[in-house]
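Q: Following this message is one structure expressed as structure tokens.
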Amino acid sequence: MHDPPNILIVEDDPRILDYLSIMLTHIGYKTQTAGDGLEALEKVEEEPPDLVITDVFMPRLNGFDLCARIKEDPRTRLIPVVMVTGMNSFGNRVRGIEVGAEDFLSKPIQPVEIKARIGSLLRLKQVTDELVNAEEVIFSLALAVEAKDPYTKGHCHRLSYMGVEVGRRLSLSEEERQAIKRGGILHDIGKIGVPDNILLKPTSLDDAERELMMEHPVKGEEICKPLRTLAPTLPIIHHHHERIDGGGYPDGLKGDEIPIGARIVAAVDVFDALTTDRPYRGALPVKEAVRTLHEASDSGHLDPDVVNQLLEIVNDKGVKWAPIPQ
Ligand SMILES: [Fe+2]
């Protein structure tokens, strides 16, 4: 059996606080209480609730600022916040919407109303939690694949970071940059199906091994497909080994037929491989890496526009600008 949902009630009037706490406990929820916004933030930190019900006007930190702080923090932004306002306080509701509140309750609070509103928000929260959990599993899988090879430590995070920076310079939309951020981590997740003796082979692969290795973009897409939130990232996973001249795989797409996110991930993938240690060689000097990238762009392997942007960033910030993840 599941634990009852945990609701944090924030209210500076002890009588209303008691009233709400008794009512919600009676309905079957677990409750925590706080007398103002600051105390509420401490409680959120200690034991993240499934939902917050907050008064608007309170000492130290009011309900608007509390809600804004909860919504700013990526760890807590998915917790639904319900604001309790006066019957006719249109202005407060507008302000509440601006700071990200999901719903409002009017004083005096009616048990039937609170039950209905909280019930639907909690159901939504449960679905979101399940989705977030599923996404976390997939991201952990991708990092587990990366961790098999000690030489590629941090590669996915660097790729993600560098790809987003190139996307910004190419004026890509927020959604496209978000897809690149995820694609940087997930692009090689399909290698989970490649045996270690092939994945970590220090010498070149034979034909059968190479064929198996080349299945990883399609396998990776299949792994991520069931998650709807990853839909914009799928083309990046699928096409990150295509070449501008059509000589890549799996579909042999050419030029602009290759999604821009995939062209970016392909270029930063090559760049990061060149500038980090490998089992068969040390990291290349920057000059040599830059020359190799130019060659890859001239020969029709990588997108010249993407390579130019990438090299501009290297020129501006140096070769090791991407932070090393902890
Ligand atoms: Fe790959």
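The values are calculated or read from the model by the stated rules, or taken from the named source; none is laboratory data. These numbers come from a predicted model, not from an experiment. No Cβ is skipped: glycine too gets one built from the backbone with ideal geometry, and neighbour counts run over all protein chains shown.
Q: Return yes or no: is E165 within 16 Å of the ligand (Cβ to nearest atom) and assigned to a helix (DSSP H, G or I)?
A: no
Q: Right, here's the next one. For G184, only one of the following conditions fails: (1) away from the ligand (no atom under 15 Å from the Cβ); (2) assigned to a helix (DSSP H, G or I). What is its number?
A: With (1) away from the ligand (no atom under 15 Å from the Cβ); (2) assigned to a helix (DSSP H, G or I) applied to G184, the lone miss is (1).
Q: Could you tell me which numbered condition L212 fails, if it satisfies all but one of (1) over 21 Å from L170 (Cα atoms); (2) within 14 Å of the ligand (Cβ to nearest atom); (3) modelled with pLDDT of 95 or more?
A: Here L212 clears every test but (3).
Q: Sticking with this structure for a sec: On the given criteria, is L205 more than 11 Å from the ligand (Cβ to nearest atom), part of a loop (DSSP other than H, G, I, E, B) and in contact with a Leu (Cβ under 9 Å, 6 or more places away or on another chain)?
A: The answer is yes for L205.
Q: Can you report the number of residues in the range 253-282 which are small (G, A, S) and over 16 Å from S299 (Cβ atoms)?
A: Number of matching residues: 4.
Q: Tell me, please, whether a residue that is more than 17 Å from the chain's Cα centre (by Cα) and more than 23 Å from T229 (Cβ to Cβ) can be found in the range 177-194.
A: Checking the range 177-194: at least one residue is more than 17 Å from the chain's Cα centre (by Cα) and more than 23 Å from T229 (Cβ to Cβ).
Q: Quick check on the range 210-227: of everything there that is hydrophobic (A, V, I, L, M, F, W, C) and in contact (Cβ under 8 Å) with a residue 24 or more places away in the chain, which residue is farthest from E146 (Cα to Cα)?
A: Looking at the filtered set, the residue picked out is L227.
Q: Is it true that I198 is within 16 Å of the ligand (Cβ to nearest atom), in a helix (DSSP H, G or I) and surrounded by fewer than 18 Cβ atoms within 10 Å (Cβ to Cβ)?
A: Yes.
Q: Another question, then. If the requirement is being assigned by TED's automatic domain parsing to the domain that holds R281, surrounded by 15 or more Cβ atoms within 10 Å (Cβ to Cβ) and modelled with pLDDT of 80 or more, which of these qualifies: R158, R117?
A: Unique residue meeting the criteria: R158.
Q: Then there's this: Could you tell me which numbered condition A179 fails, if it satisfies all but one of (1) surrounded by fewer than 16 Cβ atoms within 10 Å (Cβ to Cβ); (2) part of a helix (DSSP H, G or I); (3) away from the ligand (no atom under 14 Å from the Cβ)?
A: Status for A179: all satisfied but (1).
Q: Kindly establish whether D207 is farther than 24 Å from M162 by Cα, touching a residue at least 24 places away in the same chain (Cβ under 8 Å) and charged (D, E, K, R).
A: Considered against the rule, which asks whether it is farther than 24 Å from M162 by Cα, touching a residue at least 24 places away in the same chain (Cβ under 8 Å) and charged (D, E, K, R), D207 comes out as no.
Residue-wise test of (1) assigned by TED's automatic domain parsing to the domain that holds V268; (2) in contact with a strand residue (DSSP E or B) (Cβ under 7 Å, 6 or more places away or on another chain); (3) touching a residue at least 12 places away in the same chain (Cβ under 8 Å); (4) of a type in the set (D, E).
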{"position": "G91", "(1), (2), (3), (4)": "no, no, no, no"}
{"position": "E102", "(1), (2), (3), (4)": "no, yes, yes, yes"}
{"position": "I109", "(1), (2), (3), (4)": "no, yes, yes, no"}
{"position": "G154", "(1), (2), (3), (4)": "yes, no, yes, no"}
{"position": "E165", "(1), (2), (3), (4)": "yes, no, yes, yes"}
{"position": "K181", "(1), (2), (3), (4)": "yes, no, yes, no"}
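Each row is one residue, and each column tells you yes or no for (1) more than 29 Å from the chain's Cα centre (by Cα); (2) of a type outside the set (D, E); (3) farther than 20 Å from E102 by Cα; (4) assigned to a strand (DSSP E or B).
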| position | (1), (2), (3), (4) |
| --- | --- |
| L24 | yes, yes, no, no |
| T31 | yes, yes, no, yes |
| L41 | no, yes, no, no |
| F57 | yes, yes, no, no |
| L61 | yes, yes, no, no |
